[in-house]
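**Student:** Sharing a structure here in structure tokens format.
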Amino acid sequence: LQIDTMQLANDAELVFEGQVVSTRAEYIPGGNIYTWIDWLVTDIVIGNVEAGSVITLRFTGGIVGDLKLDVGSDIPIMGERGIYFVEAQNGHLTNPLLGWAQGHFKILDDGSVLAGNNQRVVGITRDKGSPSGLSSGAAQGVITATQTNFATASKQLKNVKPISVDEFKSQFKGFVQ
């Protein structure tokens, strides 16, 4: 279900910037495949983990040999850099990221932030609305633009640009109640 930016900021146990340093998928008898992701934490936005530490989160799904389990969740890949909103570090959730794709933001090489809907983040509003329906990959209040729309908007509005990683983190820190 769709969530909003205030839920992202206030319901996450941990929000961090990091890079995937290892992945491991394992088949568990009974039919489940789980993937464990290790991140090197480079910055803490919300929570009590130290920068420089490595954290591990478990996702349901993955590939082991010829077996694949896809539960509709985007599992981070080796080398990926991003900002991650963790619902629970020690839970046995299908996806430990809050709102699944809504709590998964990739950092691109140009320093812009890509939301879970694979669009660049151009703004964030303090939204505590009444999200309705299923998520399209971006929390309510995360303003995104496709590459094409971004180029058009930039020409028309001159000041539309992707949000920086530092601005993104700063805004979410300001949403914590």
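The values are calculated or read from the model by the stated rules, or taken from the named source; none is laboratory data. Worth saying up front: this structure is predicted, and the values here are computed from it rather than measured. Every residue, glycine as well, gets a Cβ built from its backbone with ideal geometry; the counts of neighbours run over all protein chains shown. Accessible surface is based on the protein model in full, side chains and every heavy atom, while ligands, DNA and RNA are left aside. Shrake-Rupley method; radii C 1.70, N 1.55, O 1.52, S 1.80 Å.
**Student:** Go through (1) at pLDDT 90 or above; (2) open to solvent by 10 Å² or more (accessible area, probe 1.4 Å); (3) aliphatic (A, V, I, L, M) for LEU134 and report which single condition fails.
**Tutor:** Here LEU134 meets the rest and fails (1).
**Student:** To continue, here is another question. For segment 88-124, how many residues meet the condition of being of a type in the set (S, T, N, Q), part of a loop (DSSP other than H, G, I, E, B) and either open to solvent by less than 40 Å² (accessible area, probe 1.4 Å) or at pLDDT 90 or above (or both)? Don't jump to the end; show me each part of the working.
**Tutor:** Taking segment 88-124 as the starting set, the residues that turn out to be of a type in the set (S, T, N, Q) are 89-90, 94-95, 102, 112, 117-119.
Retained after the next criterion (residues that are part of a loop (DSSP other than H, G, I, E, B)): 89-90, 94-95, 117-119.
Filter once more, keeping what is either open to solvent by less than 40 Å² (accessible area, probe 1.4 Å) or at pLDDT 90 or above (or both): 94-95, 117-119.
Counting residues in segment 88-124 that are of a type in the set (S, T, N, Q), part of a loop (DSSP other than H, G, I, E, B) and either open to solvent by less than 40 Å² (accessible area, probe 1.4 Å) or at pLDDT 90 or above (or both) gives 5.
**Student:** Oh, and also: Could you please let me know if ALA25 is over 20 Å from VAL165 (Cβ atoms), open to solvent by less than 60 Å² (accessible area, probe 1.4 Å) and touching a Phe, Trp or Tyr at 6+ places or on another chain (Cβ under 9 Å)?
**Tutor:** Working: over 20 Å from VAL165 (Cβ atoms): yes; open to solvent by less than 60 Å² (accessible area, probe 1.4 Å): yes; touching a Phe, Trp or Tyr at 6+ places or on another chain (Cβ under 9 Å): yes.
So ALA25 fits the description; yes.
**Student:** Which members of segment 1-22 meet the condition of being touching a helix residue (DSSP H, G or I) at 6+ places or on another chain (Cβ under 8 Å) and open to solvent by 30 Å² or more (accessible area, probe 1.4 Å)? Write out each step before concluding.
**Tutor:** Initially, segment 1-22 is screened for residues touching a helix residue (DSSP H, G or I) at 6+ places or on another chain (Cβ under 8 Å), giving 2-3, 5-6, 8-10, 12, 15, 17.
GLN2, ASN10, listed by residue number.
**Student:** For segment 160-176: of the residues being open to solvent by less than 50 Å² (accessible area, probe 1.4 Å) and either part of a loop (DSSP other than H, G, I, E, B) or aliphatic (A, V, I, L, M) (or both), which is nearest to VAL86 (Cα to Cα)?
**Tutor:** Within segment 160-176, the match that is nearest to VAL86 (Cα to Cα) is VAL165.
**Student:** Are there any pairs with C-beta distances below 6 angstrom linking a residue in segment 39-65 that is more than 17 Å from ALA88 (Cα to Cα) to a residue that is surrounded by fewer than 17 Cβ atoms within 10 Å (Cβ to Cβ) and aromatic (Phe, Trp, Tyr), with the two at least 6 apart or on different chains, and if so which?
**Tutor:** Once the first residue is more than 17 Å from ALA88 (Cα to Cα) and sits in segment 39-65, its partners that are surrounded by fewer than 17 Cβ atoms within 10 Å (Cβ to Cβ) and aromatic (Phe, Trp, Tyr) give VAL64/TYR27.
**Student:** Has segment 73-91 got at least one residue that is in contact (Cβ under 8 Å) with a residue 60 or more places away in the chain and of a type in the set (Val, Ile, Thr)? Step through it out loud before you land on a result.
**Tutor:** First, the residues of segment 73-91 that are in contact (Cβ under 8 Å) with a residue 60 or more places away in the chain: 79-89.
In the following step, the residues that additionally are of a type in the set (Val, Ile, Thr) were identified as 83, 86.
Taking every residue of segment 73-91 in turn, at least one turns out to be in contact (Cβ under 8 Å) with a residue 60 or more places away in the chain and of a type in the set (Val, Ile, Thr).
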